[in-house]
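A.B. asks: Sending over a structure as structure tokens; questions will come in a sec.
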């Protein structure tokens, strides 16, 4: 009897050591010798940590950080919450005239005018504003068109974002007024000789006063190898790099310097096209002031919060994640600045009994390379989402699925773990990370966080290593 018990004990621990050794073998690959690696895996079925490697080491999470922002705002505001953009007026309406100003008051809706939600007509919301004015028989506006962009205080961008990011589409700044995902498109004709400068065909939307220095040349390459440099509120832009030769129209996306001005311009053009005469000027207000004696004309509602989170997590949209984090700050009665927002996000998870001692947050999207978090903290947060939140079914539906959707569409797509990993990916130069859930072959649910920093090998080599580990976890637990 004693021998049988000893045999079972030895067999049990041998199995654990075997699995640990197999994973460790992968992590010990020569090409990862310069890297910092952390892996934490928790079995929700057995309620045990089944693998831990450097789980308390603080690493840079890249876009894995969006998990914290999107989960916190979902729990705070609810899946069906909608942000509001208001169209209001001062003065009176009589004899087809608005004797006063027309106000657009931003409510921090990052999806306003987004192609992601209305590809065919992203400015449908402005058409609705025009319809409202027509229904009130307004043909003349004697005052100004005033865009109130005051909800979020201070910087459009977190101060730790790098110069090489903020001019590009993924470095778009956060404002309480957004339009077109705060992106513009540059259309290039690359039908030139190799090494010659490519031609700019047009910029959409057109940005008045933009001075764009074009240093892009044609090369025999596959994809976009360009970078746009520029800062918020400044129309000076430089684009460097290379584009594939012999293309009729190649699109590169940049960040709009001042989204409120673009919205005002598009609105003014639609007023003119619909025979509504704006006699005053366009004004942008960014300093908070008291709005008195205004009348509501129309409320534009965003898609539901869960729909915005779905786009944020699946497509890894930095603008949306940053805006949602700032909305968390507003919900807590703070000013919506990046500083108060990162504090609100940290405090939210601290109140959920997460040990935040090693957590350093500088933005809400993960684009900042100053962010630090541990694999264990990610796992603890994901455990809370699974066990304590009524929103878990909604939330997991927003995560990319391995081999199927979002940023995981081509991850594990040739593995037996295809369709069984639900996770947020993260990738910046030298950083690769995945955190989420695995539905194993044995029907268990694992929570995991896997981060690799400072690797010097190829991205594909790191991806293969991480796929091997996650496939092993899927098959053996």
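The values are calculated or read from the model by the stated rules, or taken from the named source; none is laboratory data. Given the structure is predicted, the values throughout are model-derived calculations rather than measurements. We place every Cβ from the backbone using ideal geometry, glycine too, and count neighbours over all the protein chains shown.
A.B. asks: Out of the residues in the stretch 225-234 meeting the condition of being out of contact with any strand residue (DSSP E or B) (no Cβ under 6 Å at 6 or more places or on another chain) and surrounded by 14 or more Cβ atoms within 10 Å (Cβ to Cβ), tell me which one is nearest to residue 112 (Cα to Cα).
C.D. replies: That would be 232.
A.B. asks: Right, here's the next one. I'd like to know if the stretch 344-352 contains one or more residues that are within 22 Å of residue 170 (Cα to Cα) and in contact with a helix residue (DSSP H, G or I) (Cβ under 9 Å, 6 or more places away or on another chain).
C.D. replies: Looking through the stretch 344-352, at least one residue is within 22 Å of residue 170 (Cα to Cα) and in contact with a helix residue (DSSP H, G or I) (Cβ under 9 Å, 6 or more places away or on another chain).
A.B. asks: Residues to consider are 126, 177, 186, 147; find the one that is within 27 Å of the chain's Cα centre (by Cα), crowded, with 21+ Cβ neighbours inside 10 Å, assigned to a helix (DSSP H, G or I) and modelled with pLDDT of 95 or more.
C.D. replies: Only one candidate passes the filter, namely 126.
A.B. asks: Residues that are more than 29 Å from the chain's Cα centre (by Cα) and either in contact (Cβ under 8 Å) with a residue 40 or more places away in the chain or more than 22 Å from residue 332 (Cα to Cα) (or both): which strands (runs of 3 or more DSSP E) entirely in the stretch 64-112 hold 3 or more of them?
C.D. replies: Strands (runs of 3 or more DSSP E) meeting the threshold: 92-94, 97-99.
A.B. asks: How many of the residues in the stretch 340-353 are part of a helix (DSSP H, G or I) and over 14 Å from residue 69 (Cα atoms)?
C.D. replies: Adding up the residues that qualify gives 1.
A.B. asks: If residue 353 satisfies all but one of (1) surrounded by 16 or more Cβ atoms within 10 Å (Cβ to Cβ); (2) at positive phi, what's the number of the condition it fails?
C.D. replies: Evaluating residue 353 over (1) surrounded by 16 or more Cβ atoms within 10 Å (Cβ to Cβ); (2) at positive phi leaves (1) as the failure.
A.B. asks: Going by what's in this entry, would residue 415 be described as more than 23 Å from the chain's Cα centre (by Cα), in the same structural domain as residue 364 (by TED's automatic domain parsing) and surrounded by fewer than 23 Cβ atoms within 10 Å (Cβ to Cβ)?
C.D. replies: Spelling it out, residue 415 is indeed more than 23 Å from the chain's Cα centre (by Cα), in the same structural domain as residue 364 (by TED's automatic domain parsing) and surrounded by fewer than 23 Cβ atoms within 10 Å (Cβ to Cβ).
A.B. asks: Take residue 258 and tell me if it is out of contact with any helix residue (DSSP H, G or I) (no Cβ under 7 Å at 6 or more places or on another chain), modelled with pLDDT of 95 or more and under 30 Å from residue 99 (Cβ atoms).
C.D. replies: It is true that residue 258 is out of contact with any helix residue (DSSP H, G or I) (no Cβ under 7 Å at 6 or more places or on another chain), modelled with pLDDT of 95 or more and under 30 Å from residue 99 (Cβ atoms).
A.B. asks: Say whether the condition of being closer than 19 Å to residue 182 by Cα and in a strand (DSSP E or B) is met by at least one residue in the stretch 306-329.
C.D. replies: The answer is no; no qualifying residue exists.
A.B. asks: Continuing with the same structure: Of the residues 137, 118, which single one is in a loop (DSSP other than H, G, I, E, B) and free of Cβ contacts under 8 Å to residues at least 12 places away in the same chain?
C.D. replies: Step by step, each of 137, 118 is checked, and only 118 is in a loop (DSSP other than H, G, I, E, B) and free of Cβ contacts under 8 Å to residues at least 12 places away in the same chain.
A.B. asks: Something else: Just give me the residues in the stretch 78-97 being surrounded by 19 or more Cβ atoms within 10 Å (Cβ to Cβ) and in contact with a helix residue (DSSP H, G or I) (Cβ under 7 Å, 6 or more places away or on another chain), in sequence order.
C.D. replies: 87, the sole residue that qualifies.
A.B. asks: What strands (runs of 3 or more DSSP E) lie completely within the stretch 204-290 and have 1 or more residues being without any contact (Cβ under 8 Å) to a residue 60 or more places away in the chain?
C.D. replies: The strands (runs of 3 or more DSSP E) meeting that bar are 211-219, 225-229, 236-244.
A.B. asks: Can residue 117 be described as buried (at least 18 other Cβ atoms within 10 Å of the Cβ) and within 29 Å of residue 335 (Cα to Cα)?
C.D. replies: no
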